[in-house]
Each structure stands twice: as structure tokens, then as C-alpha cells.
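Peer 1: I'd like to ask some things about the structure below.
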Amino acid sequence: MLYLSTRGHRDRKHFCEILLEGLAPDGGLYLPERYPQVDQATLAKWRELPYADLAFEILSLYIDDIPAGDLRAICRKTYTPEVFGTKEIAPLKRLEEGLYLEGLSNGPTLAFKDMAMQLLGNLFEYELARRGAELNILGATSGDTGSAAEYAMRGKKGVRVFMTSPNGRMSPFQQAQMFSLQDANIHNIAIEGVFDDCQDIVKAVSNDLDFKRQYRIGTVNSINWARLVAQVVYYFAGYLEATSGRVQATQEKVSFTVPSGNFGNICAGHVARMMGLPIDRLVLATNENDVLDEFFRTGVYRVRAAADTHETSSPSMDISKASNFERFVFDLLGRDGARVKSLFGEQLSNKGQFDLSADPAFKQAAERYGFISGKSTHADRIATIRDTHERFKTVIDTHTADGLKVARRHLQPGVPMIVLETALPIKFAAAIVEALGREPDRPAKFEGIEQLPKRVTVLPADAQAVKGFIARHCGS
Ligand SMILES: *Cc1c(COP(=O)(O)O)cnc(C)c1O
């Protein structure tokens, strides 16, 4: 399997070449040249597989430069009940007839990002050892991504993590999760500024090509293809579980609703659907930051300025532009790299938006690719958390609540709807207190983490200061 750029660059690459890279040389995102097809007979065979072996089967369709035995071992080492809390790894919970939650947030940091990041940690360690190389991961986080990356990379040979975050702006729980890590290869940098300052610093450091080369700077952001393909697995697992034991199982379709920000999670659903998994609809749910809902309703993709990006009670979906969206548009436009280059290059930089409303392709988003969307607000989240607790004795987090709210508007008789649960409520306790008048349950291993010693360095919002910090900590 070879990978190409969404902006039409001529190069084709293998999986392990793009594993440690960010963007393609022309600024595009990597996608496989074609989507491998999975037929009914194969799906039937996969029904009985444990999650780790299902992951191996799917990943091996996309990875031809890691020997099968090694890849299987990496999958089995990653998806264990010890790391993910249950033997199912992504357990399906039935709320009512035809409506399910798929639990993706029982990993080390209690958000779905662990599902992919844990695999990435093991793939990085494997590939770096094979090359005899090292990598220094530099990132910016407002919460979930940074902690998922740190818990995936802690103690891994050949990898150091330098994670910037806005000083004092993450929830106390999120700060404790990250800053309590004592591993020598994990470095927390609290920047005196906001999240945008952190992102600007990461960009500035990455644009200094000499520095980048000398210190082998890499990233783990959501455009990484390995993260995306790891997420494809739980769409298969959810489908197989929701249709298990049904007489007509092989003809049945299911729909998914996905609480969305950067379009990484739902893009994996799109890939699963393109592989032939019988998905009827992919329902995209946003919060008040509705860039993507606007596109699927109107055909206009209009990125927001930082000042127009709302701070909400589902903060992991507070985005101004969706970094993975380009992948879907590439498929939507018949894989026309030149056109994608013009839309995401010139048009977005010059006008901050593009308009596909008059393009026949826009209609295909719903008709051929199954995409529909909806938006949920703070009041919707609180009401949904309360309602779900009253009726099903289940406490859901704010992001999952956005998903469930939007999913209910799109239920269809006879088509099971699976809502992806993207975080546990303890991560966003304030909203739970507002909805239910009490603190959410805390998993035992997180008892008292706010009191643990913290390992963090505060630096000014200055790329030079961060470069200096990296340089000082790279010999060790
Ligand atoms: C990252 C995240 C999302 C958004 O996922 P995308 O892949 O960026 O669309 C939703 N919910 C939670 C809890 C997250 O951490």
C-alpha cells in the first residue's frame, strides 16, 4: 500500500515513511492510494476476533513494511484489558432499542484519543529502534491530546515529549494528569499565554528547519495517518457488536454519531465506510463551534478567527478550523489534488473560506458518503446529561452529550445508531455538577492525583525560550 498527498504531489510513500512525518511536502495530508475492500465473508470471519487481532487484520491492509508477526505483537501489546480497562476494549452499551454508546474512553487518560495514541507510542518505539534513531515530539495541547501523547510515550526508548500548554488554563484534573508524570522522557512546558500562543510556538520551532533537523523534532497531531487508521478499528468493532446474533446481520446497516472537532474521529468512520463496512449514516455533531455543521448544511467552509472561537463546556471540540477535513474533501471532489490545493491553499489563505454549494459534488456528501450533521449547545448538553442519568442511570461527559443530542434527531427505525463516547465525565466535572448537582465518579487510579508532586516548567510565550529548553534537555 502506498500513500499520496491530498494536494497532488508526485511522491508515493510507504507507511513507515509517513509514520514519523507530519504533512506531505506540498502541505497536503497523506491518504492511501485506494481503500482496501472488506467483503461480507471477511466481516463474518472477523466477528469472533478479540479487539487486538481485529486491529491487526485491519492495519495489515494498510501496512506492508512491518512484518506480520511484528505488527500482530504490537497490536496485542497495545490493546490489553490492563491498559483499556475491559476485555472488550471498546465495549458497546445499549441505552434503548436501537441506540448504543460505544465506550472509547477507558484508556489511561480517559478520552478516546488513547485508542490511537497508545498504538502510535508502540509503533514509534518499534520504528525508531529499527532505524537506530531518536525523535523529540513537540506539541501544543489544551487538554486531551497532550495527556494522551504523554501517557503513550512515557518510558518509550528513543522518544522524548515536549508538550506546551497554556499556563493555568486546563482543568485541575487535566493538569494533574499531565504534570504528575515523573518519567524522564516527558517534559511539560506551561506557556504564559493562551492555547494559540502554544500553537504559534510549535509552528515557529517547526519552521526553523535547521533546528528541526538538528534536534529531530516531530509531532503527534491528529493529521497523523497512523492515528487515523487506528481509529478505523473501533467502527468495525462497534458494527460487529451491534449486529451480533442478528439473523439478517450481514444485510444490516448501522449509523454512527461522532462528537467532532478536528474531523479526525469521523474521518476514520469515512474510511471504514469506504472499505465497505455497512454504515448508513455518519452523523457529525458539533458544539457552538459549528464550522463543520455549517459546511454540511450549506456547502460553505468558513474558518473562524481565534476571537470567534467560543470557549464551551465541551472544550475538546472548540476548534476554528478542522485539520483533517481536507482528507474528506479530497474524496468528495473525486481525488482532484489540484483543486484541493487551490481550496485549502490559496482560497483559505486569501479569503478564509470556500464555497462548494453550487458544485454537484456537494450533494454527494450526504447522498453518496452518508454525511449529515447537527449542533448542540451548552443547554442541550446539560439537559442531555440529566436526561441520560434519569432514564438510564448512566453519566456521560459533555462531548458525548453533544453526540447523543444530535443522534436523537437522526434516529431511523431499523438502523442501530451508535454514539461514540469520547471522554469520561470526571474529565469535565464542573458541567456534571451543574447538571446533576454532584461530582462524577472518579476511577480508583485517579484518586487524589491533584495532590501529587508536579513536574512542569513555566516559560514565557517565546519560541526562543522553548528552543533553549529543548536544547538543554536533549542530551539526557
Ligand atoms: C479530541 C476530542 C474530540 C474531537 O475529536 P476530533 O477527532 O478532533 O474530531 C471530541 N471529544 C473529545 C473528548 C476529544 O478529546
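Peer 1: Kindly provide log₁₀ I(q)/I(0) values, in the same order as q = 0.12 Å⁻¹, from the Debye equation applied to equal alpha-carbon scatterers of the stretch 146-274.
Peer 2: With one equal scatterer per Cα and no solvent, log10 I(q)/I(0) is -0.65.
Peer 1: How big is the convex hull of the Cα atoms of the stretch 184-259, per residue, in Å³?
Peer 2: With only Cα atoms used, the stretch 184-259 gives 167 Å³ per residue.
Peer 1: Among the listed pairs LYS93/LYS363; LYS87/LYS113; LYS113/LYS212; LYS351/LYS375; LYS212/LYS454, give every one whose C-alpha distance is greater than 23 Å. Present the calculation step by step, with values, prior to reporting the outcome.
Peer 2: Details: LYS93/LYS363 33 Å; LYS87/LYS113 18 Å; LYS113/LYS212 26 Å; LYS351/LYS375 25 Å; LYS212/LYS454 28 Å.
Violating the 23 Å limit, Cα to Cα: LYS93/LYS363; LYS113/LYS212; LYS351/LYS375; LYS212/LYS454.
Peer 1: Given only helices, namely DSSP H runs of n ≥ 4 each adding -39500 (n - 2.57), what is the per-residue ellipticity at 222 nm of the chain, to the nearest 500 deg cm²/dmol?
Peer 2: That calculation yields -12000 deg cm²/dmol at 222 nm.
Peer 1: Rounded to the nearest angstrom and ordered from largest down, what semi-axes does the equivalent ellipsoid of the stretch 338-419 get from its C-alpha gyration tensor (root of 5λ)?
Peer 2: Result for the stretch 338-419: semi-axes of 35, 18, 9 Å.
Peer 1: Would you kindly calculate the mean projected area, averaged across all directions, of the convex hull enclosing the Cα atoms of the stretch 30-139, in square nanometres? Show your work: numbers first, answer last.
Peer 2: Numbers: hull surface 37.4 nm².
For the stretch 30-139, the mean projected area of the Cα convex hull comes to 9.3 nm².
Peer 1: Enumerate by residue number the GluC sites (Glu not before Pro) in the stretch 119-223 meeting two conditions: DSSP loop (anything except H, G, I, E, B), and at most 16 other Cβ atoms within 10 Å of the site's Cβ.
Peer 2: For GluC sites (Glu not before Pro) across the stretch 119-223 that sit outside H, G, I, E and B with at most 16 neighbouring Cβ atoms in 10 Å, the list reads GLU134.
Peer 1: Counting other Cβ atoms within 10 Å of each Cβ, which trypsin sites (Lys or Arg not before Pro) in the stretch 368-428 have at most 10 and sit in a DSSP loop?
Peer 2: Answer in residue order: LYS393.
Peer 1: Same structure again: In nm, what is the difference between 0.36 nm times the number of residues separating GLN412 and GLN353 and their Cα-Cα distance?
Peer 2: 17.9 nm
Peer 1: Based on the alpha carbons, how large is the Rg to Rh ratio for the chain when Rh follows Kirkwood?
Peer 2: 0.93
Peer 1: Quote the convex hull volume per residue of the stretch 95-151, based on C-alpha atoms, as a whole number of Å³.
Peer 2: Values: hull volume 5.3 nm³, N = 57.
Dividing the Cα hull volume of the stretch 95-151 by its residue count gives 93 Å³.
Peer 1: Could you tell me the distance between the Cα centroids of the stretch 445-476 and the stretch 121-153, to the nearest Å?
Peer 2: 16
Peer 1: Still on this structure, please answer the following. Among the GluC sites (Glu not before Pro) within the stretch 338-394, which fall in a DSSP loop and have no more than 11 other Cβ atoms within 10 Å of their own Cβ?
Peer 2: Those that pass, being in a loop and sparsely packed, number zero.
Peer 1: Considering the stretch 212-321, what Rg and Dmax in Å follow from its alpha-carbon atoms?
Peer 2: Looking at the stretch 212-321, its Cα Rg and Dmax stand at 17.0, 60 Å.
Coordinate-derived values only; no laboratory data. Predicted model, so just to flag it, every value in this text is computed and none were measured. All Cβ positions, glycine included, derive from the backbone under ideal geometry; neighbour counts span all protein chains shown.
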